[in-house]
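Worksheet: the structure to be examined is printed underneath.
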């Protein structure tokens with residue numbers, strides 16, 4: 001599973017839950033299917049009109065966050081704040097592609113009484129290949145892969161490289177146009193989130209040694225979604241910690257308060273399913289995931305119920321030079 005991007009509020013929950021459910025209950029895991037990867041050639045990253053579209057997206061002005069006489073923020077202030085934070089999070093998603101990092105994933109399958117039946121630990125190196133993040137499995141149960149499995153991973157990476165090296169201009173244009181549409185949809189969605197909840201400023205707390213606002217969100221009565229994805233919003237509530245200096249999402253805790261049907265596989269996510277995210281400031285330029293924990297109680301289509309506790313740890317963020325050349329596995333010399 002990729003790093004949990006497009007994380008903002010419930011979008012994270014619905015997408016992450018869908019991804020986890022499919023990868024856990026399907027006969028094939030996502031990491032066994034090479035993800036799409038875009039061309040890394042500087043002329044291929046974006047068409048000029050696509051870059052201009054991103055540049056022309058209106059960025060909201062910094063909100064007036066002056067508290068009232070009682071130290072509170074109004075609903076309007078908090079909604080404006082959350083829109084700014086959401087836009088910054090979309091920018092974080094773009095900047096994360098400039099980094100390689102390690103993703104360690106732990107999944108504990110539970111029985112009906114909540115006891116652990118089995119534990120699976122996988123560690124991935126997240127590489128940037130032609131502009132897209134790609135997983136390379138490097139450890140199972142905290143032990144390096146054997147020679148056979150390591151060779152399979154190398155073969156998978158080589159296939160991705162070969163596919164993008166030989167991509168036609170027409171295919172590349174279609175893929176980039178699709179990515180642009182998805183980004184625009186994401187921007188529309190995060191604005192729906194701000195309208196879907198009643199917010200309450202709980203106070204301030206230190207997160208990672210930095211002061212953060214603590215804000216609770218409960219579904220707002222009478223909210224009418226304008227996007228099909230927004231129908232999930234009334235099924236969740238949560239708490240967010242927003243860094244006061246950077247206006248960035250520092251921490252998030254989301255819980256399903258009703259059963260939710262999500263995804264094309266007809267998954268049903270049960271009440272009590274919960275996801276918690278912590279982020280960290282990297283290189284004084286971007287906020288990226290540090291730790292995710294999740295508790296999933298769900299059923300997918302005709303499969304048996306799924307009851308999983310898990311976590312993901314992200315570490316060793318390293319920014320690479322965008323001018324670096326991606327070569328085939330056989331081209332690497334000692």
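The values are calculated or read from the model by the stated rules, or taken from the named source; none is laboratory data. A quick note: this is a predicted structure, and the numbers were derived from the prediction, not measured. Ideal geometry is used to build each Cβ from the backbone, glycine not excepted, and the neighbour counts take in all protein chains shown.
Residues are listed down the side, and each one gets a yes or a no for (1) within 25 Å of residue 295 (Cα to Cα); (2) in a helix (DSSP H, G or I); (3) touching a residue at least 60 places away in the same chain (Cβ under 8 Å):
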{"residue": "163", "(1), (2), (3)": "no, yes, yes"}
{"residue": "173", "(1), (2), (3)": "no, yes, yes"}
{"residue": "183", "(1), (2), (3)": "no, yes, yes"}
{"residue": "193", "(1), (2), (3)": "yes, yes, yes"}
{"residue": "203", "(1), (2), (3)": "no, no, no"}
{"residue": "217", "(1), (2), (3)": "yes, no, yes"}
{"residue": "225", "(1), (2), (3)": "no, no, no"}
{"residue": "231", "(1), (2), (3)": "yes, yes, no"}
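Screening residue 305 against (1) closer than 20 Å to residue 108 by Cβ; (2) touching a residue at least 12 places away in the same chain (Cβ under 8 Å); (3) surrounded by fewer than 20 Cβ atoms within 10 Å (Cβ to Cβ) leaves a single unmet condition, (2). Could we say that residue 157 is within 23 Å of the chain's Cα centre (by Cα) and part of a helix (DSSP H, G or I) here? Criteria met by residue 157.
Within the range 140-154, track down each residue that is under 24 Å from the mean Cα position of the chain (by Cα) and assigned to a helix (DSSP H, G or I). Spell out how you get there, then give the answer.
First, the residues of the range 140-154 that are under 24 Å from the mean Cα position of the chain (by Cα): 140-142, 153.
Listed by number, the list holds a single entry, 153.
With under 22 Å from the mean Cα position of the chain (by Cα) and under 27 Å from residue 196 (Cβ atoms) as the only criterion, which of 91, 125, 105, 120 stands out? Working first, answer last.
On the way: 125 fails: under 27 Å from residue 196 (Cβ atoms); 105 fails: under 27 Å from residue 196 (Cβ atoms); 120 fails: under 27 Å from residue 196 (Cβ atoms).
Within the list 91, 125, 105, 120, the selection yields 91.
Taking residue 207 as the residue in question, decide whether it is out of contact with any strand residue (DSSP E or B) (no Cβ under 9 Å at 6 or more places or on another chain) and within 30 Å of residue 80 (Cα to Cα). No, not satisfied. For residue 202, the criteria (1) surrounded by 14 or more Cβ atoms within 10 Å (Cβ to Cβ); (2) more than 26 Å from residue 102 (Cβ to Cβ) hold in every case but one, which is (1). Within the range 87-102, the presence of a residue that is over 19 Å from residue 308 (Cβ atoms), at pLDDT 85 or above, touching a helix residue (DSSP H, G or I) at 6+ places or on another chain (Cβ under 8 Å) and outside any strand (DSSP E or B) is excluded. Taken residue by residue, the range 270-292 has at least one member that is touching a helix residue (DSSP H, G or I) at 6+ places or on another chain (Cβ under 9 Å), at pLDDT 90 or above, loosely packed, with under 14 Cβ neighbours inside 10 Å and assigned to a loop (DSSP other than H, G, I, E, B).
Going through (1) without any contact (Cβ under 8 Å) to a residue 60 or more places away in the chain; (2) under 26 Å from residue 307 (Cβ atoms); (3) in contact with a strand residue (DSSP E or B) (Cβ under 7 Å, 6 or more places away or on another chain) one by one, residue 115 falls short only on (3).
Checking the conditions here, which among 116, 85 is surrounded by fewer than 19 Cβ atoms within 10 Å (Cβ to Cβ) and under 28 Å from residue 295 (Cα atoms)?
On the way: 85 fails: surrounded by fewer than 19 Cβ atoms within 10 Å (Cβ to Cβ).
Going through 116, 85 in turn, just one is surrounded by fewer than 19 Cβ atoms within 10 Å (Cβ to Cβ) and under 28 Å from residue 295 (Cα atoms): 116.
Per the conditions (1) modelled with pLDDT under 85; (2) exposed (fewer than 15 other Cβ atoms within 10 Å of the Cβ); (3) in contact with a helix residue (DSSP H, G or I) (Cβ under 7 Å, 6 or more places away or on another chain), the sole criterion not satisfied by residue 226 is (1).
Looking across the range 67-82, the residues that are at pLDDT 85 or above and surrounded by fewer than 17 Cβ atoms within 10 Å (Cβ to Cβ) come down to 74, 75, 76. Only one of the numbered conditions (1) on the phi > 0 side of the Ramachandran plot; (2) touching a residue at least 12 places away in the same chain (Cβ under 8 Å) is violated by residue 256, and that is (1).
Within the range 239-251, the presence of a residue that is more than 30 Å from residue 162 (Cβ to Cβ), out of contact with any helix residue (DSSP H, G or I) (no Cβ under 6 Å at 6 or more places or on another chain) and at pLDDT below 85 is excluded.
Could you pull out the residue among 137, 127 that is surrounded by 16 or more Cβ atoms within 10 Å (Cβ to Cβ), part of a strand (DSSP E or B), without any contact (Cβ under 8 Å) to a residue 40 or more places away in the chain and touching a strand residue (DSSP E or B) at 6+ places or on another chain (Cβ under 9 Å)?
Values: 137 fails: without any contact (Cβ under 8 Å) to a residue 40 or more places away in the chain.
One residue alone meets the criteria, 127.
Scanning the range 301-318 for residues that are modelled with pLDDT under 90 and over 18 Å from residue 118 (Cβ atoms) yields a count of 2.
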